[in-house]
Structure formats: C-alpha cells, structure tokens
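Engineer: I am attaching a structure below and will ask some questions about it afterwards.
The values are calculated or read from the model by the stated rules, or taken from the named source; none is laboratory data. Values in this document were obtained by computation on a predicted structure and should not be read as measured data. Neighbour counts run over all protein chains shown; Cβ positions are idealised from the backbone, glycine included.
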C-alpha cells in the first residue's frame, strides 16, 4: 500500500494490490467514454481476461497492478499499474491508469501514478518506466507531465494488441531518486 498527498488540489490515495475486488473497478471503468483512446469498451469476457491478467502480473512479480482508493473517503476510484515489456530493445515497465469520471481533474491520477512509480522504483527490477497515452488524450499526457515523466516524442504504438495508434512516449528513469 502507498499513500501520497500533494498540494491543495491534489488528493490522497492509497494503492491496494490487485485482488478479486478489482473486477468491480474494471467493470466501472469499462465505458465508451473511459476507453475512447484505447480501442473502446471491452466485452465482459474481455474484462474477465484483463482481470485475470492483472492477478497474474501481481502473482508473477512481472509488475504490480493496484486499485486506486481515494482518502479519506476509502472509495475505489480507479486503477494504476505497471508491467514488464520490451520497448526499443530494452526491458522496461509500461504504466497505465484509469480514474472514474466523477473523480477526474482532482489530481488523483497524478497521485496514483506517482505512488506507482515509487513502487516500481523500490522493486529495483527495471531501469525505466514508460507510459504511452494517445497523442489525442490531453488528460493522460498532462498526468505524465505532472507526475515527472519526460516526453521522448510521438511514436507508433499498438494498444490494445492489433490496434495501431499514435501515442506519446513518456518515460522516467527509475534509478534516479529526485
């Protein structure tokens, strides 16, 4: 679990390791509005497969997936996590997040992403973490900037698998502490 609080507009969050309760959060973030930049809403079968993949990521140690819990309300308001992948010949972490619409614009995604980066940094397994928001997703690109990622530039990216998209490649060096 991690807690991060920031300035007056930021929200405190606690990251809860992914477990069976995460399935309900996945279903809540699986809307056309929430998934418009990543291929659209998934079928229930696809959501179940994603949920199992998140459980497997945590069990394998290839990364960490979390439910984002808003403090002090203790409300599950989204997801955040990272997993291993090869990017441009290097083994890295790929990171992503979702925050439910009623809670967007309050710094929750930035707090969650920052706390997840701290988790990845503490593991000392990868040198870099990358995020690949669509070039057409200003909110997620702003989260990257505010969370301290560096913009490498636009790139071609496939997400979900089989769906090409134009993304920004944001990265952070996990070996640097400040």
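Engineer: Quick one: residue 147 ticks every box in (1) surrounded by 12 or more Cβ atoms within 10 Å (Cβ to Cβ); (2) closer than 26 Å to residue 60 by Cβ; (3) out of contact with any helix residue (DSSP H, G or I) (no Cβ under 8 Å at 6 or more places or on another chain) except a single one, so which number is it?
Structural biologist: Of (1) surrounded by 12 or more Cβ atoms within 10 Å (Cβ to Cβ); (2) closer than 26 Å to residue 60 by Cβ; (3) out of contact with any helix residue (DSSP H, G or I) (no Cβ under 8 Å at 6 or more places or on another chain), only one is false for residue 147: (3).
Engineer: Please determine, by comparing only the residues of segment 10-21 that are out of contact with any helix residue (DSSP H, G or I) (no Cβ under 6 Å at 6 or more places or on another chain) and not in a strand (DSSP E or B), which one is surrounded by the most Cβ atoms within 10 Å (Cβ to Cβ).
Structural biologist: The residue in question is 19.
Engineer: Taking segment 122-151 as the region of interest, how many residues are assigned to a helix (DSSP H, G or I) and modelled with pLDDT under 95?
Structural biologist: Final tally of qualifying residues: 5.
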